[in-house]
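The values are calculated or read from the model by the stated rules, or taken from the named source; none is laboratory data. Just so it is clear, the structure is predicted and the values come from calculations on it, not from any experiment. These accessible areas exclude ligands, DNA and RNA; they are computed on the full protein's heavy atoms, side chains included. Shrake-Rupley method; radii C 1.70, N 1.55, O 1.52, S 1.80 Å.
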Amino acid sequence: LRPGGIVQAAPVAGYRPETPASNNGMYGPEGMPMATPLDIRKGLTSADGVNHKLNWGIISASAIASDWIKCLQDVPGATVTACAARDHSRAKIYAADHGIGTAHASYEELCSDRNVDIVYIGTKTADHHKHMLMAIAAGKHVLCEKPFTETAEQAREVYAAARAKGLFCQEGMWVRYF
């Protein structure tokens, strides 16, 4: 961090901005890797802008959801507070294996949990549509594993529902935001 709490990635040793051809496009003019988000490379992101509390609920006791839980461990402020599976006993085992405090007996129960801000949906594709609408109806933000829905019409319906409630809803696809 720089003074004032601004996140600053360290320039790469040996980088010479005056010879852009020598870096094969791997480093920006700031001397940082191009994979570093632009707002950080330009010193525009403050530490408090990336570190806020967000409580996650996980719908599905799946391997892909386990990968997401592991990723969240590196996100400042992110906490996985609850999970649910089709079978409550499976949810309890999954919660114990992942250090999750609450294992709900149903997806509806998880969506009603006041300690959950955002729901990650890692169920079968055929169930994404109904699970996203359930979470949105309960006032939860949604991150859904890919593919988002089975049809474009279903996707439009989900986005319209989220927009109407002022909620974030996105497909869980790796995206570079710069």
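Using heavy atoms of the protein chains and a probe of 1.4 Å, the accessible area assigned to Val80 is about 20 Å². Solvent-accessible surface of segment 119-178, taken per residue with a 1.4 Å probe and all protein chains present: 55 Å².
To put it simply, the accessible area of segment 70-150 at a 1.4 Å probe is 49 percent carbon and sulfur. An ellipsoid equivalent to segment 33-169, defined through the eigenvalues of its Cα gyration tensor, has semi-axes of 25, 20, 14 Å when rounded to whole angstrom and sorted largest first. Taking every protein chain into account, the 1.4 Å probe leaves Tyr94 with about 10 Å² of accessible area, to the nearest ten.
Accessible area per residue was computed with a 1.4 Å probe on protein heavy atoms; Glu157 scores about 90 Å².
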